[in-house]
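Heads up, the thing below is written out as structure tokens.
The values are calculated or read from the model by the stated rules, or taken from the named source; none is laboratory data. All values reported here derive from a predicted model rather than from experimental measurement. Counting neighbours? That spans all protein chains shown, and the Cβs are built from the backbone with ideal geometry, glycine included.
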Protein chains: 2
Amino acid sequence: MALIVQKYGGTSVGSVERIQAVAEKVKTFKEQGHDIVVVVSAMSGETNRLIGLANQISEMPTPREMDVLVSTGEQVTIALLSMALNKLGVDARSYTGPQVRIVTDDAYMKARIQEIDTKNMRADLDAGRVVVVAGFQGVDGSGNITTLGRGGSDTTGVALAAALKADECQIYTDVDGVYTTDPRVVEKARRMDKITFEEMLEMASLGSKVLQIRSVEFAGKYKVPLRVLHSFKEGAGTLITIEDTDAVEQPIISGIAFNRDEAKLTVQGVPDIPGVASKILGPVSAANIEVDMIVQNVAADGNTDFTFTVHRNDYKKTLNILQDVAKQLGAREVKGANDIAKVSMVGVGMRSHAGVASKMFECLANENINIQIISTSEIKISVVISEKYMELAVRALHTAFGLDADDKDGE
Amino acid sequence: MALIVQKYGGTSVGSVERIQAVAEKVKTFKEQGHDIVVVVSAMSGETNRLIGLANQISEMPTPREMDVLVSTGEQVTIALLSMALNKLGVDARSYTGPQVRIVTDDAYMKARIQEIDTKNMRADLDAGRVVVVAGFQGVDGSGNITTLGRGGSDTTGVALAAALKADECQIYTDVDGVYTTDPRVVEKARRMDKITFEEMLEMASLGSKVLQIRSVEFAGKYKVPLRVLHSFKEGAGTLITIEDTDAVEQPIISGIAFNRDEAKLTVQGVPDIPGVASKILGPVSAANIEVDMIVQNVAADGNTDFTFTVHRNDYKKTLNILQDVAKQLGAREVKGANDIAKVSMVGVGMRSHAGVASKMFECLANENINIQIISTSEIKISVVISEKYMELAVRALHTAFGLDADDKDGE
């Protein structure tokens, strides 16, 4: 018998029929003898409907009132799911965020959880009840309703699991687990049984949008085993957990992430003196443009090239900013391209295996793919290449590193 | 400068445009220097939509969860109205029932208010803010969400006015006041400027469905002046208040109520012995049938006739029950009719004026209308007549008692 926190997203509870299906699923777990806390999102479409109403009134609706408004979405779902459970003969009780007392700071629309009162939930669990909690919402110290920002229901699930010291936090989604790479691009992509928090963070931030990144950070911090599963298909999903240091052999590479959302910009011939980087990035950041990769080469003849990537939507805006900056700095030229793709190999096994990078570069060279930028971290190697070669690169690397589904032993 | 509680119903806040119109109205009052607390219902249709979702899951949804579900309706409205006020530059803050701490008993779906914490509202009013409160809802002593039952937003308005010792509670509706009788039946029906709580109670219970009867009781008990007004038309509406004993002359009759929802049943030739009434009404009440008028004549030759009225929907069921009862009692016969109407004249002035009843009966006789049952209270005379004469009777009485719009002086 275990204590399990289950989180079902908007699509999983998107209709009365689906809510009833979730209730059946919860009942099965309950009958296996587990204690169950269920966290739910608003029914899909509901949050957008509510935001639509607010936007008819104001382009900039009061943040406090936005949270009062959108938090009704999850409140509807907890009531309906509890009714559905009761209808199946399962004793269940719903809680809004404020009713649990999920205490947050007062940053409306992007609040952070500070404390969770587990007293009521514990009493219900002890009485044999399923506890149904509204995701995404909390209450500040003054009693105001807050929300954690979009997708925050994952965070609620993990935070409740941490507070209750649950054995596992299960996140039900519309995919049956985390894959070595996107199955739409690589047919032979394989569901991973297990992945570490660190790897998942690298995968998530690189575009494998299975989980909210904040919830993974949270789970890692509090060491809550996290499992990604399909809402309506059988299967063990993917367990995200701490690194298993006792494992005989870690796979070198866990997965390959990629995205084509970025554009690169290079300021050429910048004087190699202190403060240049901040002079270039200062105005970019002041314009609220987020920067991803940053690369600067060793200087030659007192000048250097400074390259970084931004979201593709910000490409033109950034280019304009850089023209001005380049003049002030006396730089030679500003160049850029938005037809690029970033491909990243992620794996904790990389730490103890030399030669991953050279093998990656060799593989790409064999396919005649030119590498434009390279950036590495302890468990990740990212390269920027021409967008048109992206699928080819991902497939070639997937095979080369033994990730293909018919090659289960790995390297 | 006064403290005014304003309540806007579902139709008044039925769309974003209407919510914006309400915000404009509130702004005008605020600019006149008043302190304003606004109570709102769910947008029209929303409560039914939510109930529809629940009924898809269960014909008998858990009452606790029903309240969690339907209370979201008002929560949406308070957020949108507060945003609309803010957009107009009016500082406003929303409160759910639990946030105010409108404490109720734990009778889900029909809770009664026990206590209201005015601290937060007072602080907001003192800070110059408009306070926007969700009607219809509260919280029990254990933190569970409760609702007051349908139409309960009126009660919230009155209860807040009582707790805050407001100068007036204004109920905005789709009529511009309380009329001497139904204007659809009597063209010359006249809006009353003023009516007493007692009169309003008699009018309301008899089918003038302008206000929730519970809210009138509540207002009377706490002596909260209550004003019924049209949401979007100018006008002073009707003030419902305590009896003005200093008035030189009260009008004898304030209004005429009527309904055709009832059926009458008579058990003839009942032995006139103690316990008969309860033997007749016991089985009726056991079948959950509500009885309205009850009349028993003085006995002649040891037997009497016992007559009462029920809702027309319960007519057949009651008739069947009475057949059995009549046999057991040795009664002669059971008779009934469901083509009847009840017409009631209401007025506190009746107390001090003799001859109202005889004038009423004379007026009906002049129109050749036969009276089937008569029942009186201190401020009301009700008669049951054939349904087909109802409009004629109401019009004749309305004229005879000087209520017509072109006859403003009264009797």
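Summary of values
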quantity: So residue A:411, is it at pLDDT below 85, touching a Phe, Trp or Tyr at 6+ places or on another chain (Cβ under 8 Å) and of a type in the set (D, E, K, R); calculated: yes
quantity: Of residues in region A:76-97 being under 16 Å from residue A:31 (Cβ atoms) and within 7 Å of chain B (Cβ to nearest Cβ), the one surrounded by the fewest Cβ atoms within 10 Å (Cβ to Cβ); calculated: A:87
quantity: Within region B:102-129, considering residues that are touching a strand residue (DSSP E or B) at 6+ places or on another chain (Cβ under 8 Å), within 14 Å of chain A (Cβ to nearest Cβ) and surrounded by fewer than 18 Cβ atoms within 10 Å (Cβ to Cβ), the one nearest to residue B:215 (Cα to Cα); calculated: B:109
quantity: Filtered residues of region A:1-58 (kept if closer than 15 Å to residue A:72 by Cβ, part of a helix (DSSP H, G or I) and not hydroxyl-bearing (Ser, Thr, Tyr)); calculated: A:46, A:48, A:49, A:50, A:51, A:52, A:53, A:54
quantity: Region A:55-75, residues that are without any contact (Cβ under 8 Å) to a residue 12 or more places away in the chain and either among the small types (Gly, Ala, Ser) or more than 7 Å from chain B (Cβ to nearest Cβ) (or both); calculated: A:55, A:58, A:59, A:60
quantity: Selection from region B:35-54 of residues that are surrounded by fewer than 18 Cβ atoms within 10 Å (Cβ to Cβ) and away from chain A (no Cβ under 12 Å); calculated: B:44, B:45, B:48
quantity: Residue tally, condition over 30 Å from residue A:60 (Cα atoms), among the charged types (D, E, K, R) and crowded, with 22+ Cβ neighbours inside 10 Å, over region A:130-166; calculated: 0
quantity: Residue in region B:177-186 that is surrounded by 20 or more Cβ atoms within 10 Å (Cβ to Cβ), outside any loop (DSSP other than H, G, I, E, B) and either in contact with a Cys (Cβ under 6 Å, 6 or more places away or on another chain) or in contact (Cβ under 8 Å) with a residue 60 or more places away in the chain (or both) present; calculated: yes
quantity: Unique residue being at pLDDT below 95, closer than 25 Å to residue B:15 by Cα and not hydrophobic (A, V, I, L, M, F, W, C) when the list is A:77, A:47, A:155; calculated: A:47
quantity: Every residue from region A:27-39 that is touching a residue at least 40 places away in the same chain (Cβ under 8 Å) and out of contact with any strand residue (DSSP E or B) (no Cβ under 6 Å at 6 or more places or on another chain); calculated: A:27
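For (1) under 24 Å from residue A:198 (Cβ atoms); (2) touching a Leu at 6+ places or on another chain (Cβ under 8 Å), each residue gets a yes or a no:
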| position | (1), (2) |
| --- | --- |
| A:331 | no, no |
| A:336 | no, yes |
| A:341 | yes, no |
| A:347 | yes, no |
| A:351 | yes, no |
| A:379 | yes, no |
| A:396 | no, yes |
